[in-house]
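Have a look at the structure below, then the notes.
The values are calculated or read from the model by the stated rules, or taken from the named source; none is laboratory data. Just so you know, these numbers come straight off a predicted model, no measurement behind them. Glycine also receives a Cβ, built like all others from the backbone with ideal geometry; neighbour counts cover every protein chain displayed. SASA here: full protein model, heavy atoms, side chains in, ligands and nucleic acids out. Shrake-Rupley method; radii C 1.70, N 1.55, O 1.52, S 1.80 Å.
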Amino acid sequence: RCADGAALRWCITGALCASFLGLGMSVAVLGPTFPNLAANVGANVSDMYYIFVGRSLGFLGGSVVGGVLFDCMNATLLLALSMLGTTAGLYVIPWCKESLLLTVLMSVIGGSMGILDTGANVLTLNTWGSESGPHMQALHFSFAAGAFLAPILAKMPLGASESDELAGAEKTNQSVLKSVPTASAASTTPALKDHHDGDFLWSYIIIGTYILFTSIFLFALYSKSSSARDKSKATAQKGRLAKHHWSLVGLLFIFFLFYVGAEVTYGSYVFTYAMVFAEMTEGEAAALNSVFWGAFAMCRGVAILGAAFLSPATMIVTSLVCSAASSSALAFLAHYRALLWTGTAVYGASMATVFPSGVSWIEQYTVVEGKTASMFVVGGALGEMCIPAVVGYLQGKFHHFPVVTYATFVTSIMTVLLFPVMHKLANVPQENDLKEVSDSETRKALLTNSRLTEDEEDEEDAREWNDADFEVIEMNDKQQNSLMDTSCRIPEDSPAEVSLQPHLDDVLDDPPVVADGSPGRQNGNVDWEKSD
């Protein structure tokens, strides 16, 4: 049974990592295929912002709803259903011709992503408990790997033959010309040939099929797992709530808001910053952007091994120190080209481990259920929505001021100040802990007193035995001395020799000795006389 349980836990972890790989691909595939979606609905790229809003709102709603549902039903089943919804959305999106329907589909996919993001973190904690550190890092590394693979997959030559692509382009031209009468065939045909090829369609189909197989595997795991066991485990853990549980959750909500907002803000604006303020070429700016995300993904991979040896608090403190140092260099010393490259790499690496380490850290002090995990995901999602928007607005107001680098510095300082407060609040002892400590101290005191009493009694008994031994020794010495004195006072030819002899015989148990030294001579003479 132990072997089966261990195998089931590893299967659940593998399925969750595979799900997060698909989640990363689903999120990142939108960027490279954005012009294709705009061409499908006959709109300009600049007018397609609403699909991002729809996906973000769906993600927030999915996180909240998922947090409630995970406390009511089997987590594996809910994840399988959410992955199935993501598959359906990815299959339909390439064929969508209406902007409103496209927005609805993006909201559905965003809701499924929110459920998956919340549930995978909770299920990893429930599966591994205090050993969840490396598995949590592997989970979020899978997301980064998926985000890295999606743009490559979207641009690979996976479509049909060239004649089929041209036929599809001509058919699309007719639909676009009907919806946009002012456009000419000569102007639309080259653009659609560049952006509406088979690669766009096949990238969504391949990612959707991959997520479908992952969903089927989760359904298979659901048949092996037991919802009653999960509920009993959650019920048993409810007694471990921290004294300031919701205050701690609220602070971590703000912490993740600043952290995720800073990560997305710098990753989104570093290209523009490099070209405008650092005066780099387009190729250099793209390389700087790749350095940030490359260091981010690489550090998440290394953190899988690091989490096996380091505590979550140690990893968070290390990341925060590196984040503060690198953001300071970016804010005040970025005019040095070497520090700009180094600071970008270190800042990307320091951002990699904070979220998974934060979830593992709070699990050591309180119970992380569905509603609790949804707070963390919602905090990160709000930071991803709000902070880049605020930075973009301020950058539009202050054209000659590098708002993005100062925003990274401010958010880093906020996270550095928040974590000690959270750590202090998490270590506040509960009333039950104080009572147990006082009881244990009382027991220790009683045991110490009883041991002291026993030691004192043993010492007193030892002293009494020693005194008794000394008295016996003194009595023997006195008796021996008195006998020696008595024997010295008796002369050789004393008349009392015969009268004293029986007493000496009783004491020394020796035969009587007469003057000539022959034992028993006097008694022998008496016997002979009687016989005569």
ask   = What net charge is computed for the residues neighbouring M275, neighbours being all others with C-beta under 13 Å from the C-beta of M275, Lys and Arg scored +1, Asp and Glu -1?
value = -3
task = May I ask you to order 367-374, 391-398 by the average number of other C-beta atoms within 10 Å around their residues, highest value first?
result = 367-374, 391-398
request  = Have a look at the range 1-116 and give its Rg and Dmax from the Cα atoms, expressed in angstrom.
outcome  = 16.5, 59
query = What accessible area, in Å² to the nearest ten, does a 1.4 Å probe give for I413?
reply = 60 Å²
note = So, for the Cα atoms of the range 251-339, Rg and Dmax in Å stand at 14.8, 42
ask   = Given the Cα-Cα distance of E131 and F309 and 0.36 nm per residue of separation, how much length would full extension add, in nm?
value = 63.0 nm
query = For the range 242-429, what is the convex hull volume of the alpha-carbon atoms per residue, in Å³?
reply = 107 Å³
ask   = Applying 1/(1 + (r/R0)^6) with R0 = 22 Å to the Cβ-Cβ distance of V410 and F277, what FRET efficiency is obtained, to the nearest 0.05?
value = 0.80
task = Please work out how much length the chain gains when fully extended from N44 to N427, using 0.36 nm per residue of separation minus the C-alpha to C-alpha distance, in nm with one decimal.
result = 132.5 nm
task = In square nanometres and to one decimal, what's the mean projected area of the convex hull around the Cα atoms of the range 17-70?
result = 4.6 nm²
message = For a Förster distance of 25 Å, can you work out the FRET efficiency between the beta-carbons of C72 and S290, rounded to the nearest 0.05?
response = 0.05
query = If you stretched the chain out fully between Y336 and H400, how much longer would it get, using 0.36 nm times the residue separation minus the C-alpha to C-alpha distance?
reply = 21.3 nm
